[in-house]
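The numbers here are math on the coordinates, done by the rules we state, and not lab data. Here the structure is a predicted model, which is why all the values come from computation and not from measurement. We place every Cβ from the backbone using ideal geometry, glycine too, and count neighbours over all the protein chains shown.
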Amino acid sequence: MRTRESEEMYLETILLLKQKKANVRSVDVVEALDYAKSSVSRGMNLLVKNGYITMDRVSGEIEFTDAGKVKAQNIYDRHRILTRALMRIGADPDTAEENACRIEHVISEQLFDVIKDFVKES
């Protein structure tokens, strides 16, 4: 479970960084997450191994594979929908954001679909 959460955090972070700047490298992920360089290096290597990203050997630039882009976007969509749902039931934006970040990694698809329908209907 912990591996999945880390993988998802890295993918979501890369996606958000790519929305802000064209060239994203591991050092950007280190700064964004405030993780140790060695942890991020290990994480990036696993993402490459799992077919979610590629890394240019010279520039270090990170690019999504098609599968990685889809997975990252799905994770971010879960985050956004969960944040909205928590705010709709009364959480302040900061609390909703912080808790959505935790919930997005452990929620079942079935429950997420229920919450997604709730957000659409509200």
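Note on the chain: with a GNM built from Cα contacts shorter than 10 Å, the maximum mean-square fluctuation among A22, A85, A96 falls on A22. Considering helices alone, the calculated mean residue ellipticity of the chain at 222 nm is -23000 deg cm²/dmol, with DSSP H runs of length four and up weighted by -39500 (n - 2.57) and normalised per residue. The lysines within cross-link reach of K49, meaning a Cα-to-Cα straight distance under 19 Å and a gap of 8 or more places when in the same chain, are K37, K69, K71.
Calculate the dipole size of the range 30-109 relative to its Cα centre from +1 charges on Lys and Arg beta carbons and -1 charges on Asp and Glu beta carbons; express the result in debye to the nearest 20. Walk me through the numbers on the way to the answer.
Numbers: 11 positive and 13 negative charges, 57 e Å.
So the magnitude is around 280 debye.
R0 = 30 Å: FRET efficiency of E121 with Q73, Cβ-based, nearest 0.05?
Details: r = 23 Å, r/R0 = 0.76.
Efficiency at R0 = 30 Å is approximately 0.85.
Averaged over residues, the count of other Cβ atoms within 10 Å places the peptides 29-42, 6-19 in the sequence 6-19, 29-42, highest first. Considering only A36, L17, S59, and ranking their Cα positions along the charge dipole of the chain that arises from unit charges at the beta-carbon of Lys, Arg, Asp and Glu, the one farthest toward the positive end is S59.
Helix 37-49 and the long axis of the chain differ in direction by around 90°, with both axes built from C-alpha atoms.
Averaging the sequence gap over all C-alpha pairs within less than 8 Å and six or more residues apart, then dividing by the number of residues, gives the chain a relative contact order of 22 percent. For the chain, the longest principal axis of the Cα atoms and the long axis of helix 66-88 meet at an angle of about 30 degrees. Against the longest alpha carbon principal axis of the chain, how many degrees, from 0 to 90 and to the nearest 10, is the axis of helix 109-121 turned? Approximately 60 degrees, to the nearest ten. Under 5 Å between amide hydrogens, built in the peptide plane, is the criterion, and for I53 it picks out V48, T65 among residues at least 5 positions away or on other chains. Taking 0.36 nm per intervening residue step and subtracting the Cα-Cα distance, what contour gain separates V114 from V58 on full extension? This chain segment gains 15.6 nm when fully extended.
In the set [x] 45, 31, 25; [y] 49, 27, 25; [z] 44, 34, 33, which value of Cα extents along the principal axes in Å was calculated from the structure you see? For Cα extents along the principal axes in Å, the calculated option is [y].
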